[in-house]
Amino acid sequence: MLKVNHIKKSFKQNTVLEDINLEINKGECLYIHGKNGCGKSTLFKIICDIIQTDSGTIEKKPDTYIGALIENPGFIENESLRFNLEFLASINHHYNEERIRELCHMYSLDYDSSSTLKNYSVGMRQKAGIIQAVMENQNLIFFDEPTRGLDEESIIVFENMVNTLVKMGKSVVIASHDRLARVNYTHIYLLEEGKLQCEDY
């Protein structure tokens, strides 16, 4: 689905990523861990074309449709959850109200609430971020610290959702300090000192 070739990225004199190579195939679930500041979010941003790499390439198959939750989810603060999700889904003409309602119900969010996003707790915002990453039937999904602010019940919901997505043939990449024990990973990686090392059992 996607191949990362010899990616390098520095900020001023600080090399964050050095010669990163990664291949993601259909139906895989990858876990990337590492210390704060090791470059997990930077790698995701490069793959998702949010920031540019210094060198290296990203190869993506034409049918690859990426969804992502990277760092703190950004929303239109003075609008409702429904407005935000409708707006985001309409950009690519992939609005599916039934699917979005199902996801909101799964995460105990009221899709029809008039409450604005600025009044949402950290956990509620995180749930909305998770929903927008999967609501358009994306088949390659990146989650950066996805369980930030979530209660235990919601973490279990997230883990079960990830396993279901992978069973459906979608690919999921999770970068997190929390191992998320119920997720069935196919590959484990450590990002350390700019290098990505496979740690498969």
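The values are calculated or read from the model by the stated rules, or taken from the named source; none is laboratory data. Computed from a predicted model, the values in this text were never measured in an experiment. Cβ coordinates were reconstructed from backbone atoms using ideal geometry, including for glycine residues, and neighbour counts include every protein chain displayed. Accessible surface is based on the protein model in full, side chains and every heavy atom, while ligands, DNA and RNA are left aside. Shrake-Rupley method; radii C 1.70, N 1.55, O 1.52, S 1.80 Å.
Descriptive notes on the structure:
- Complete set of residues in segment 63-110 that are part of a strand (DSSP E or B) and either of a type in the set (Lys, Arg) or within 20 Å of residue 155 (Cα to Cα) (or both): 67, 68, 69
- Some residue of segment 155-172 being in contact with a strand residue (DSSP E or B) (Cβ under 6 Å, 6 or more places away or on another chain), open to solvent by less than 20 Å² (accessible area, probe 1.4 Å) and either at positive phi or part of a loop (DSSP other than H, G, I, E, B) (or both): no
- When we screen 148, 82 for residues that are surrounded by fewer than 19 Cβ atoms within 10 Å (Cβ to Cβ), of a type in the set (Lys, Arg) and within 30 Å of residue 46 (Cβ to Cβ), the only hit is 148.
- Matching entry among 30, 22, 43 (being of a type in the set (A, V, I, L, M) and assigned to a helix (DSSP H, G or I)): 43
- Residue in segment 62-76 that is of a type outside the set (A, V, I, L, M), more than 29 Å from residue 120 (Cβ to Cβ) and in contact (Cβ under 8 Å) with a residue 40 or more places away in the chain present: yes
- Subset of segment 136-149 (residues that are touching a Lys or Arg at 6+ places or on another chain (Cβ under 7 Å) and assigned to a loop (DSSP other than H, G, I, E, B)): 139
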